[in-house]
Structures are given as structure tokens and as C-alpha cells.
Amino acid sequence: MVEQKVVFDSGNELAAYAAKQINYHVMGYYPITPSTQVAEYLDELKAEGLHDITMIPGDGEHGAAGICYGAAAGGGRVFNATSANGLLYALEQLPVQSGTRFPMVLNVACRTVSGPLSIKGDHSDIMYTLNTGWIILFAKDPQRVYDMNICALKIAEKVMLPVIVAYDGFFTSHQKRRTEVFAKDEDVQDFLGTYEHPYHALDKDHPVTIGSYMNEPDLMNNKFQLHLAMEQSRTVISDVFTEYGQLTGRTYNVAEGYRCEDAEAILFALGSTFDTAKVSVDQLRAEGKKVGVITLNALRPWPKEELYELCKNSKAVLVADRQDSYGAGGGNMTLELKATLQDYRSNIEVLSRVYGLSGRDFYKEDGIAMLNEAYEAAQKGKAEVKFNYHGHYKGRESDEPQKYFDPIVGEKANPGITSVALDPNTGKMVVKGGMVKDSTQMPKRWTAGHGACPGCGIPVNVNMLLRGIEGNVVLLFHTGCGMVVTTAYPKTSFRVSYIHNLFQNGAATLSGVVEVFHEKQRRGEIPPGDDFTFIMVSGDGGLDIGMGPAIGAALRNHKMIIMEYDNGGYMNTGYQLSYTTPKGAKSSTSHVGPAQAGKAMFHKDTAQIFAATNIPYVATVAENQPTDFIKKAAKAQKYASEYGLAFIKALSACPLNWNDNPRYERSVIEAGVNSCYHPLYEIEQGITTITYDPETRNKKISVLEWFTMMGRTKHLAKPEYSEIVDGIQVEIDRRWAQLKAKHENPLL
């Protein structure tokens, strides 16, 4: 046996630690709760110089999966982690990886798939992967997360198939346990050995075409070979588990039971539920009831023989599924077990219970209740209720939804704008009214009752935007802090209609709302006077993963407004870097250490990206210039109602993750403007106008002066980072000079 040491870590940390010891070539990743910690911890280890893995932040989970596939196609060892809707967003890439037979390892911290949105753990995501051609291991505890991550790569490379290591989100992913790990990275690497894929894109002497177009019968043969590889993996998994056990003293079987030998009734459940269920079994055994519990360490290939051997002597099995295959009378594990028993012509009674959705805890009492149901069915030879949910409750059928606020309509929706009209001489919109004192008389459309952190800029900026908007409003929020803190069921903080959709598709969704409104109005189904202003609110990295659909909406030029609150990170998942994070800033995926100096790339200029689509109106705003902000909002509404899409970008404070004092946030925003990191300007029909020039007011400061006001960038004042700061200043100055040139020359 090799030398081992004891650590006290979570499942996510141990997945990262195993990756560090393996020293993969590439990790393509994108943050999503609860798997994000894997990338965070691995980046922290990289900043300390403890591994050489190239970590590439994708623009979304689909992009991250593409990064991983490309790295694997180049012959590299590749690693990733994701959850829930992120897994589904990447789903179409999974059969590409397996169908072209490139190994890699993907960790899935299992989580509820929305909608409605929930970030808690269940198995509704992992079950979507059963038919993708990936081997799927399931780890019930942090020790197995570590062990299976190491075994997974060896299995993958032996059969040339990718492998998922799945485990329960928040239960296994975040709970710390006493765990044994290899003391030396070299022992892990010796266990794995070296690997050279028989074909890859970087072999100059043997060029290959990867991912050919195939028709029948070639595709049939391709899939048959994938089937053969999956069947081969049955033996390979067992062999690798055995070899690993000889090294560590921990040997796993693909199916595992507890007190099943003489059990009349058995509970079948995946993941962390198994350990709690064992306690339930012991209590019922003490009462004289012969019961047991089964779990699986592998879902693909399906361990039919091993599972049947564990339950063949029982009379009833209750399958506890942490997801539902709606309309099938049970979740996927129920269906798989029924198929297994049918193959053996077994007459074991099968009960199905959906439990634990959205992270609902599983207690000893739940296990006892389920086992008693199975035991009763075993005694009677028949289950009274074959399928049900465990832990649901009946709602009040006659209850009307509670109305928390009166809507903002009619005179209430007048912000004091007297007119917005096009000046025929300049071709620009002129706003009359819109003073701060007038706009404050209008009730807020986003009102009290939200859970945003003190000093958060999101409600400040959204309400400032809405101060310039007259009439009826429909809001759509991307997933993010702004969404999470305002709409905890069954309450809401909005006094107007509100829709949520995921990062990657918000703009497309609002486009559909806009077009159905105009079509219903054209057909006379909506009165002509019932006009709406449609606004998508995005931030927390939403215009990274959501940039493609947002650009699509801009190119189609729908009559709507996109408002970005740029807080410079994925704040809703714990501040990972986004493409708008400042270069050099530290975040939970851009640590500062001996081998790494914060974020390595410049921040993304989303306003200029949208300007390149030639939409009618683009503007940048800041809360320290409220009148300018309100007037630009009024212009955006006018352009959106008559000409097409308008885009507004606000620099939005996040004291928690910027690590500054909430009381002084407006001065921090002002410094961001005066440093020209966030210059204030507008682009009307292609003509650029700087609306605030700190140089002419003798207020321009260096970007470092702004950086030193925030803990996330304060370290850049140290002499060792002077080269990075100089490079940032050069880029800020270049962008500012380019903006001034556009201001001075309408043709630019």
C-alpha cells in the first residue's frame, strides 16, 4: 500500500485535490452552484504553484464543454465540473465526446434543474446523461469523490470513453469529512501511468479527421463500437477498483448492499442517502424486521447482475428516486430496476417514491417510513400504492395568490419627463424634464422587501433606470443576485410584471414577449393604448454566457431595452471571475499568489460590442450622475418604442466582493468614472457623444487610484505588480483616446 495522509475536506475540494495530483493538461470550466468550488479550489492551488493545469474560464457551460473537447481532441488529459442547468446546457456536447471516443473526467455535483429556479441538490440533472455514452460513477461521500476521480481517468483511458463522477450537491459537495489521500502526487501519477491517445489532432505525421459526417451503416457501426466499449468497461471498472484497493485498502464494487442477504424488504437509493438509510435498517432490524438497503457506485454501465444478486432474495424493493421521469410512474432508477427484474423474470414487488427534491433532507425517520412501506408490501405480496411522492404537501385549492403591492400604472408611472423628441438639426433625442427631484415622486417599481446586501448597486441602478421610464413595464431578469434576492416564493419585490429566465437565453425570451405583444396588438387582442416598455436586466456575468442570444436580439433589433449592471464578476455564485472583471483583480477563480497575479485578461467592453451591432442607442451610466442616468433611460425608452433595441450599461457596486465600505460606494463608482475605466457616453444612431469628460473638469485619476479603493484590486499597488498596472493603464488610455476620437469625428 502507498503512503497516505488524512485531510478534512469536502467533496468539491477533494475532486480538485485529485485533479491537482493528476496534473491534468486543461480544465475548461464555468461557475455554477454547487460545483463551482472545484474550480475555485483548483485555482487557489494553482496560485500557490502546486500544479500546472491550464484553467480556461468558458463563456458558459456549453463553451466550457467545447474547450474540454478541443483539449481532449488534442490528446490532452482533461477535467471539468458542473451542475444542473449547466450540465443541460452542455448536454449536446456529451455525445460528441463519447461518440468520437475521447476520454476525460467530468464531476457533476447533482442539483435541481429549473424552472422554477432552485440551487439545492437532487438527481434531476444527472439522469439526463444516462443516454450520452458516458460512463457514470456515483460517489456517496467525499472519500469516494476523491477515489473515484482518480479511478475515473484510468477507466476512461483504458476504454477510450469519458467518465462522469457524480455526487450529491451540498450534501457530499460541501460537507467536510475525514478522508485519506495519497501523500505523494507521484504515486497517483504512477497508478495512472502515461497515456497517448492513438489518434489526435496534434500528430503532424498522422493527420486525422475527427467528427466526420456519417450515414448508415457507418454510424450504426460507430454506435455499436461505443456499445462494445461500454460493455468492456464493466470488466475495466472492476479491475481498476481492485487495483486501487490494493494500493489504498479501499476497494469498491459497482453495487453495494447493507444487510441484504436475508432481507425481505429493501430500500434502493443513491448517494448520501445510503448512510442514513443504514441507520434506519439497524433500527428496524432491532424490531425484528428483515430489511436492507442498496446503493450503486456506477450507473453506466448499468450493473444489472450485481444489483439483482443483492435483491434477488427479497419480496419487495422500494426505489427512492431523487427525481421523477414524469408520466413514467417512477424516476429513472425505478425504471432501470424494473427492467432488470423483468430480465430475470422476477416477481419482486417494486414501489417507487420520489423524495428529496430541491435538497429536502432525508432523515432516519424517512428511511424507516419507506422501509416500512416496503416491508408491508413484502408481507402482503402487493403494494397498496406503487408510486407516490414522499414529503409533498397538499396546497390550498381555493386560495387566491396574495397581492403584495398595487401595480405601478397610469399616473403613478410618470417620472416627470415632459417630452423626449428627436432634434431634426442634430439627429439626437432631446429630453425635457427628468430631474432627480421629479423622478423621486414616482413609486419604485422594484420596492422594499428584497434581500440584497447593504450597499448593493443592483437595486440602485435598476430603480435609477426605471425613474426615467414612463408607463407600463415588463421586466425580465437573468439569473443572478438581482433575481435571487427579489423573488423568493411566494413573494416578490416587483410592482410590475416580471419574468425570469436563465443566463443564456434571457434576451431571446424577452424577444418572444416583445413580438407576441406587437402581434396581439396588431390583431386587436390588446388595446392600442396598452403599450409596454420591455426591459431585460442582466449582470453577474450574464452577458458572458448570455452574450450570444443578446447579440442575436440586437441584430434582430427588437423594440426592447437591455440593461447591464456590471458588478465585474459572477457575484451570485460567490464571485468568480467574469469577462468584465478587471485585469489583475482577485476573485475565487483568479487568486493571487506566488504563481498567479489575479485575472489574466482585460475586461470586456460590452457597450462597444453592442455598438458594433448598429442598434439605435447605446449608453453608459453611473449612479453618481443621476440626472444623466435618468435622461439616458428616457432616451432608451424612446428609441426602444420607435426604432429598436437600446443598450444601457451601469457600473454596479458589490461591496461584499469588491471588499470596500458600502457607505462610500458612490465615491468608488465616481472614481471608476473619473479613471475612465467606465467612461460615460452615448451612441445615437452611430454617433458617439461623451457626456462626462473628467479631463476637462480636472478630475481624471489613474486607474490605480480607483483600484486601491477596493480590496479586490488593492494588492496591485505593490511594486511587484507595477508592470500589470502599467499595462492596464495603457489599455484604459487607449480605449479613452479611441472614444474621444469617435466623439470628435461622427464618421468613426
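The values are calculated or read from the model by the stated rules, or taken from the named source; none is laboratory data. For clarity, every value in this text was computed on a predicted model and none was experimentally measured. Methodologically, a virtual Cβ is constructed for each residue, glycine included, from the backbone with ideal geometry; neighbour enumeration extends over all protein chains shown.
Here is how the numbers come out for the structure above:
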read-out	value
Which numbered condition N215 fails, given (1) loosely packed, with under 12 Cβ neighbours inside 10 Å; (2) modelled with pLDDT of 95 or more; (3) not β-branched (V, I, T)	(2)
Region 633-646, residues that are under 19 Å from A550 (Cβ atoms) and either more than 32 Å from the chain's Cα centre (by Cα) or not in a helix (DSSP H, G or I) (or both)	Y639, Y643, G644, L645, A646
Identity of the residue in region 339-356, among the charged types (D, E, K, R) and surrounded by 19 or more Cβ atoms within 10 Å (Cβ to Cβ), that ends up farthest from the chain's Cα centre (by Cα)	E349
Residue within region 673-689 that is out of contact with any Phe, Trp or Tyr (no Cβ under 6 Å at 6 or more places or on another chain), in a helix (DSSP H, G or I), within 22 Å of A650 (Cβ to Cβ) and assigned by TED's automatic domain parsing to the domain that holds T627 present	yes
Hits in region 444-460 (condition: in contact with a helix residue (DSSP H, G or I) (Cβ under 6 Å, 6 or more places away or on another chain) and farther than 14 Å from V484 by Cα)	K444, R445, P454, G455
Residue selected from region 56-89 under the condition surrounded by fewer than 21 Cβ atoms within 10 Å (Cβ to Cβ) and hydrophobic (A, V, I, L, M, F, W, C), by the criterion nearest to L161 (Cα to Cα)	L88
Pairs with Cβ under 8 Å, 6+ apart, first in region 188-212 and free of Cβ contacts under 8 Å to residues at least 24 places away in the same chain and of a type in the set (S, T, Y), second loosely packed, with under 13 Cβ neighbours inside 10 Å and part of a loop (DSSP other than H, G, I, E, B)	Y199/H206; Y199/V208
Strands (runs of 3 or more DSSP E) lying entirely in region 130-195 (those with 1 or more residues that are surrounded by fewer than 21 Cβ atoms within 10 Å (Cβ to Cβ) and basic (K, R))	176-182
Condition met for S497 (among the hydroxyl-bearing types (S, T, Y), at pLDDT 95 or above and over 23 Å from E40 (Cβ atoms))	no
Whichever residue in region 51-74 is assigned to a loop (DSSP other than H, G, I, E, B) and in contact with a helix residue (DSSP H, G or I) (Cβ under 6 Å, 6 or more places away or on another chain) and, among such residues, is nearest to H200 (Cα to Cα)	G58
Enumeration of residues in region 572-599 that are modelled with pLDDT under 95 and not in a loop (DSSP other than H, G, I, E, B)	N572, T573
Evaluation of H715 against (1) under 31 Å from the mean Cα position of the chain (by Cα); (2) farther than 23 Å from M429 by Cβ; (3) outside any helix (DSSP H, G or I) (one fails), failing number	(3)
Residues (surrounded by fewer than 18 Cβ atoms within 10 Å (Cβ to Cβ) and closer than 21 Å to Y344 by Cβ) located in region 305-327	E305, Y308, E309, K312, N313
Hits in region 431-481 (condition: closer than 23 Å to D628 by Cα and of a type in the set (G, A, S))	G433, G434, S439, G455, G457, G468, G471
Residue that is at pLDDT below 95 and hydrophobic (A, V, I, L, M, F, W, C), where the choices are L371, L422	L422
Residue identified as modelled with pLDDT of 95 or more, surrounded by 22 or more Cβ atoms within 10 Å (Cβ to Cβ) and within 22 Å of the chain's Cα centre (by Cα) among V105, V113	V105
Residues of region 302-336 classified as under 17 Å from K382 (Cα atoms) and either over 34 Å from the mean Cα position of the chain (by Cα) or among the aliphatic types (A, V, I, L, M) (or both), total	9
A448 vs. criteria in contact (Cβ under 8 Å) with a residue 24 or more places away in the chain, surrounded by fewer than 24 Cβ atoms within 10 Å (Cβ to Cβ) and farther than 18 Å from E564 by Cα	yes
Filter result (exposed (fewer than 13 other Cβ atoms within 10 Å of the Cβ) and in a helix (DSSP H, G or I)) within region 424-443	K437
Looking only at region 553-593, and only at residues there that are surrounded by fewer than 24 Cβ atoms within 10 Å (Cβ to Cβ) and out of contact with any Ser or Thr (no Cβ under 8 Å at 6 or more places or on another chain), the one that is nearest to G480 (Cα to Cα)	Y579
Where K632 falls short, out of the listed (1) in contact (Cβ under 8 Å) with a residue 40 or more places away in the chain; (2) within 30 Å of H174 (Cα to Cα)	(2)
